[in-house]
Every structure is written in structure tokens, then in C-alpha cells.
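Working notes, beginning with the structure itself.
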Amino acid sequence: MENTLPFMGYHGSAGQEGMSQMGLGMAIAASMVVMTMFQQFLLTHLRGYVELFLRKLFKSLDPNVQIRFGDDDNGGPKNHEAYAAVETYLSSKCSDQAPRLKANSVRDIKTPVLCIDVGEGVDDEFNGVTVRWQLGEEKEQGESYRGSRKNRYYTLTFRKSNRKMVVGEYLRHVMEEGKAAAASNRQLKLYSNSSSEHGSNWKYIMDFDHPAKFETLAMEKEKKEDIIDDLIRFSTGREYYRRIGKPWKRGYLLHGPPGTGKSTMIAAIANLLSYDVYDLELSAVLSNATLKRLVNKIPCNSILVIEDIDCSSKITHQRERNTPNQGEEKKEKILETVTLSGLLNCIDGLFSANDGGRLMVFTTNHVEAIDSALLRRGRMDKHIEMPFCGFEAFKVLAKNYLGIEEHDLFGKIEGLLKESSVTPADVAENLIARRGEGEDSGDDCLKKLIEVLEKSVQQVLDKKGEGKREEIESDPSL
Ligand SMILES: Nc1ncnc2c1ncn2[C@@H]1O[C@H](COP(=O)(O)OP(=O)(O)OP(=O)(O)O)[C@@H](O)[C@H]1O
């Protein structure tokens, strides 16, 4: 027992020691776990507090700044303009951010403008800076006979440290983008001049919904791209025209035989730039003074079109004027003339403010009949020849009308087009497939066109032959 006891005691005391060591270890481990958790808890909380503190500190050093864009009448029409530009600008931003959207129908805008709901906001990023827009609403002070009115406003919030960039560059970007987006979505209009006894004035004719686009215009690719580049440079040239001190206007002369696409090109230009069209009928203008008044009334971002200028270089009107004659009123016949040079003088003097460009497009079928002084640059800056149909132009038409981009007959057509004189209008006419019973296939249309081209080639050859014969007959040495 004694042996055992000490043995047991030994064992017994060794077991107790082991137990207490194990307990201690567990306690240490547990306390370490608790400490770590506590540290982590503390760290997380502390970090949270530090972050909050720093944010508050930073905010107090760099507070938020807010700008309001109201739709109220108090600020005048400019206020509305800025509000509308902001709304249109945000229209593209809010579609993928805001949970609730509203679609507003706006006068003269083709598709509804999407906007956020009252109380909602959208973030926008520009040059690495994030800003926030929010839509608010407030009741107008006082009651009118129509009841109370609610005014809406956008609030732009940003950090004070970004003030210079936001107020300058960013707001300019918002206004320009907003106005450009509204312009490209705008319903274009066609105006023409009408004359009455009270004089001439511009009259709304109809909405301008011509489907012509540069993509579908039959013309050589390089030439087309050059024209598009020129138009884009012109329409976005505010800074350029301001810098060189020139009025923001440009003159185009389109010349070529009838049916080569001059009117189609004007429509494509209007659609590309989203400009309204002012079609000037010179024969309805009674004097150069009226002409000047009409030209000066054309708003910015529009095209002044004068077709067939060779036919309207001098238009004389007769009108009666009352003249006092020895106590009696006498009617006197006076002649007034509207001249193309008179027109060009008013165009020279046309002052174009910096709010948008004015494009003038003249067309003629006989460029050779026009005085070269009238064609000089500055009046007609870009002369565009609209020629008979070439192979590249034909390919555009074949794609438009038949959806054909390559065909075995193209080689033959290319050869014939080089020798013939057919206009894109003639080619287009032959590419219109008959529908219904006995419907034309693409092949049928191309064969039909080949026949027309062969006839045209024959006519060209006949004309050349006639010319040669006349030359020989009129040459006395032969
Ligand atoms: N270059 C072209 N690209 C596409 N279609 C064209 C082209 N030229 C003519 N057309 C087609 O022919 C029709 C007549 O063309 P358009 O009226 O534009 O010619 P124009 O040169 O203005 O003629 P005009 O001198 O008689 O006024 C257009 O409706 C269009 O379908």
C-alpha cells in the first residue's frame, strides 16, 4: 500500500499536476482567443471610429458644396434651359442607376426624356471626380388662381476641393452634352419664305422627316467621309470660330446634273447636324432689303437652302408705290431687283453669334453659268460636285435597294458605268424590284440596269460621233 501509495501518490500527484497544467494551458489558450477576439473587436470598432472621425475631419476640411438648377420661372428662360440640359444629360445616366424612372414628353423632342423620380439621385463621374445629382420638389410660395404649383429642381453635390473643376469644366460638359443630346433628339422643321403685302417672312411648312442619311447616300466613300468630317468640324467649331474671330457660318455649293442627289444630300446634312431647314424661294422675295431681313432672321443651328441659283441670279419685281403729287396720291410703278450678288452681300454681312452655326447650301445644275466672284471661298467655302453614277455610288445603291454587296454582274456594270452618263436617280429607279406576281429578283434588277447602261453608252458614243462629224464639217482645212 505504502509502495502503492507513494506510487499511487506519485502517480496521484503527477496526475494532479498534469491536470492543473492542462487547465492552465486551456485557460491561457482561451484567454488568448478571447484577447484576439477582443483585439479584433476593438480593432474593427476602433477602425470604424477612426474612419468616421477622419471622414468627419476631412469633411470639415473639405465640405460638400451644392448647386441648384431650378425649373422655376424666377430665373427666366435661361433657368429653364439649364434645367432642361441637366435633365437631358442625366437621362442617359439614370437609366442604369435609378430604381424608379419617369418618362417625360417634351415639346419638339421625338422620344420621351427619362428622368429620376423626386427624392432619387444618381452619381456621375467626370475626370476621376464623383458628383451626385438629386431631384427635389417644392411648393411655390403663395397660391395663384390656378392653385399651388410645384417647382422641381436638381441639386448637384460635390466636394469643395473639386469646386473649380466642377463649376468650370464639368458644368460646361453637362450643358454641352445635354444640349447636344436634346438637339439630336429634336424634331426637325422645314420653313420657307412667304410673301404678303406686309412683306416676306419665314413660314413653318412641316416637320422635316426626310429619311436620307450619309450611309445611304450614293457617293465615293472618301468624298463622303471628307464632307462628314467638314460638317462635324463646322458644327463643333465654336472655339475655333471664336479664336479666329470669324462668324460661325459656312457655305456649300452642290453642283451637278439633275438627279445626282443634291436635295438628298441637303436632307442628309440636316439629319446629321440636327439643323432645321430654311428653304429660300428667291422669286418670292421682293427686294434686296427684304432678302437681308429674311437672311438675318435665320436662327443658329439651321441650314439656309437656295436651290438652282443659276436660275435666280436676277429677279425683277414690279410693284406700285403711292406718291404724293400736288395734293393727290398717285400710284407710281417701281421696279425692284433681287440679285444673287445682293443675296451674297447679305450673306457676307450675316453676323453669326457664338450660340451656334449657320450653314448655307446653294445648288445649281450649271456651275459654269455662275460668276466666279460669287463662288469665291468665304461665300461658298466648299464646292461639291455631284457627278453621274460611278461604281462606288452604284454599290451603295445596290446595297440599299437590293441588299446585294457582291454579284457576278458587278464587273460588267462597273465597265458600263465608266462609259455611260446615268445619274444615281436613274440607277435607283432600275433597282426598285417589282413586287407581287412576277416579282423581280436581284438578278432581274441588275440585268434591267445593264440594258439601261448599254443604251446610255450607245448614246454617249453617238454624241461623240456627232461632235466629231460637226468638227470635221466646220473645219475649212478639211
Ligand atoms: N447620290 C444619291 N444617293 C442616293 N439616292 C440618290 C442620289 N441621287 C439621287 N438619288 C435618288 O434620286 C432621287 C432624286 O434625287 P435628288 O432630288 O436628290 O437629285 P437632285 O440632284 O437634287 O435633282 P434636281 O437637280 O433635279 O433637284 C432621290 O429621291 C433619291 O432617291
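The values are calculated or read from the model by the stated rules, or taken from the named source; none is laboratory data. Bear in mind the structure is a predicted one, so any value in this text is a computation, not a measurement. Counting neighbours? That spans all protein chains shown, and the Cβs are built from the backbone with ideal geometry, glycine included.
Worth a mention:
- The listed residues are D96, D71, D108, and the only one of them that is touching a His at 6+ places or on another chain (Cβ under 8 Å) and modelled with pLDDT under 75 turns out to be D71.
- Applying the set (1) over 30 Å from the mean Cα position of the chain (by Cα); (2) within 10 Å of the ligand (Cβ to nearest atom) to P387 leaves exactly one unmet item: (1).
- From the list L397, L344, the one residue that fits, being surrounded by 12 or more Cβ atoms within 10 Å (Cβ to Cβ) and modelled with pLDDT of 75 or more, is L397.
Yes/no per residue for (1) modelled with pLDDT of 90 or more; (2) part of a strand (DSSP E or B):
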position	(1), (2)
L231	yes, no
P247	no, no
S283	no, no
L291	no, no
V295	no, no
C300	no, no
V305	yes, yes
C311	no, no
T316	no, yes
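- Selection count where residues are crowded, with 22+ Cβ neighbours inside 10 Å and under 19 Å from T364 (Cβ atoms), scope the range 218-248: 1
- Residue check, E451 under 26 Å from G403 (Cβ atoms), in the same structural domain as S420 (by the TED database) and at pLDDT 90 or above: yes
- Flag for A218 being in a loop (DSSP other than H, G, I, E, B) and of a type in the set (A, V, I, L, M): yes
- Pick from the range 175-202, criterion free of Cβ contacts under 8 Å to residues at least 24 places away in the same chain and assigned by the TED database to the domain that holds E87, ranking: surrounded by the most Cβ atoms within 10 Å (Cβ to Cβ): A180
- Residue tally, condition at pLDDT below 85 and surrounded by 13 or more Cβ atoms within 10 Å (Cβ to Cβ), over the range 423-442: 3
- Exclusive hit being away from the ligand (no atom under 15 Å from the Cβ), closer than 16 Å to C445 by Cα and modelled with pLDDT of 90 or more, set G415, G411: G411
- Yes/no for R379 being under 20 Å from M265 (Cβ atoms), at pLDDT 75 or above, in contact with a strand residue (DSSP E or B) (Cβ under 6 Å, 6 or more places away or on another chain) and more than 16 Å from the ligand (Cβ to nearest atom): no
- For the range 247-285, a tally of residues being in contact (Cβ under 8 Å) with a residue 40 or more places away in the chain and more than 9 Å from the ligand (Cβ to nearest atom) returns 24.
- A single member of I205, I228, I244, I232 is within 16 Å of the ligand (Cβ to nearest atom) and either out of contact with any Lys or Arg (no Cβ under 7 Å at 6 or more places or on another chain) or assigned by the TED database to the domain that holds P299 (or both), and it is I228.
- Matching entry among G259, G251 (being crowded, with 18+ Cβ neighbours inside 10 Å and assigned to a strand (DSSP E or B)): G251
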